[in-house]
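Below: the structure, in structure tokens.
The values are calculated or read from the model by the stated rules, or taken from the named source; none is laboratory data. On a predicted model such as this, the values are computed, not experimentally measured, just so you know. So basically every Cβ, Gly included, is an ideal-geometry build from the backbone, and we count neighbours across all protein chains shown. Ligands, DNA and RNA are stripped out before the accessible areas are found, and what is left, the full protein with its side chains, is counted by its heavy atoms. Shrake-Rupley method; radii C 1.70, N 1.55, O 1.52, S 1.80 Å.
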Amino acid sequence: QQQVKQSPQSLIVQKGGISIINCAYENTAFDYFPWYQQFPGKGPALLIAIRPDVSEKKEGRFTISFNKSAKQFSLHIMDSQPGDSATYFCAAANSGYSTLTFGKGTMLLVSP
Amino acid sequence: GAGVSQSPRYKVAKRGQDVALRCDPISGHVSLFWYQQALGQGPEFLTYFQNEAQLDKSGLPSDRFFAERPEGSVSTLKIQRTQQEDSAVYLCASSLGGGLGPYEQYFGPGTRLTVT
């Protein structure tokens, strides 16, 4: 049973455009939703995270939108740059049980 | 400060060999996690330590996998009698808090294991 579903699998965006990656979860006990960025040969790096008491969180060019009733959350990358080309993973966890459940990842390519 | 480090970065093992993968977490981090990442997939949880206590090992795929963190800092993931399906990147992450959080997990670069 895949608890966190991520789409699309891959995404090509022109430089300066908006990249949007979506995730849906099933477990209503999840209450922490981070996004990770991974470059080839590197470990995942924490980008931004949200808890369900807010519907949106913005850090620089990265924004998480959260819809608790729909059990969905998304990552928006504004003004996408070629350096943003990487694989992005959404994840989820619940209080008192710290392990992360990851989506399958989205490979983003930002064309110059 | 220094991040999470893992060694070796690459390991090639012949089927049936035993391997040991090391993780040095960020100093002072209470929680330590091991994940397995297959090619083109997201990381999947293997096991979790809070200090030296292994609180969850439900993700270990078989009894050939064993992890320890005897002094609450460095951890070792051991795989006995390796099989081809064990080929993957093994990621270690650490987190400052335990139990109810904080949950920010910081990952190491991983060890790529190839079983031939």
Practice problem: Report Rg (one decimal) and Dmax (nearest whole number) for chain A, counting Cα atoms only, units Å. | Solution: 13.4, 43
Exercise. Just need log10 I(q)/I(0) for the range B:11-61 at q = 0.25 Å⁻¹, Debye formula, equal scatterers on the alpha-carbon atoms, no solvent, rounded to two decimals.
Key: -1.11
Self-check item: Intensity falloff of the range B:27-89 expressed as log10 I(q)/I(0), Debye formula with alpha-carbon point scatterers, at q = 0.15 Å⁻¹
Solution: -0.47
Quiz prompt | Cross-link pairs A:LYS42/B:LYS57; B:LYS11/B:LYS78; A:LYS68/A:LYS104; B:LYS14/B:LYS78 - those with Cα-Cα distance over 19 Å | solution = A:LYS42/B:LYS57; A:LYS68/A:LYS104
Quiz item: Given q = 0.09, 0.11, 0.14, 0.17 Å⁻¹, what are the Debye log10 I(q)/I(0) values for the protein assembly as shown, with equal point scatterers placed on the Cα positions and solvent ignored?
Solution: -0.37, -0.55, -0.88, -1.23
Quiz prompt | Calculated from backbone phi, Karplus (6.51, -1.76, 1.60) coupling profile of the range A:38-45 in Hz, x at Gly/Pro | solution = 10, 9, x, x, 10, x, x, 10
Quiz item: Once the other residues with Cβ under 10 Å from the Cβ of A:GLU26 are scored (Lys, Arg +1; Asp, Glu -1), what is the net sum?
Solution: +2
Quiz item: Per 5 Å bin, what percent of the C-alpha pairs of chain B does each bin hold, from zero upward?
Solution: 2, 13, 24, 26, 19, 10, 4, 1, 0
Quiz item: In whole percent, how big is the carbon plus sulfur part of the accessible area of the protein assembly as shown, probe 1.4 Å, protein atoms only?
Solution: 49 percent
Self-check item: Nonlocal amide H pairs with A:LEU47, under 5 Å, H built at 1.01 Å
Solution: A:TRP35, A:TYR36, A:GLN37
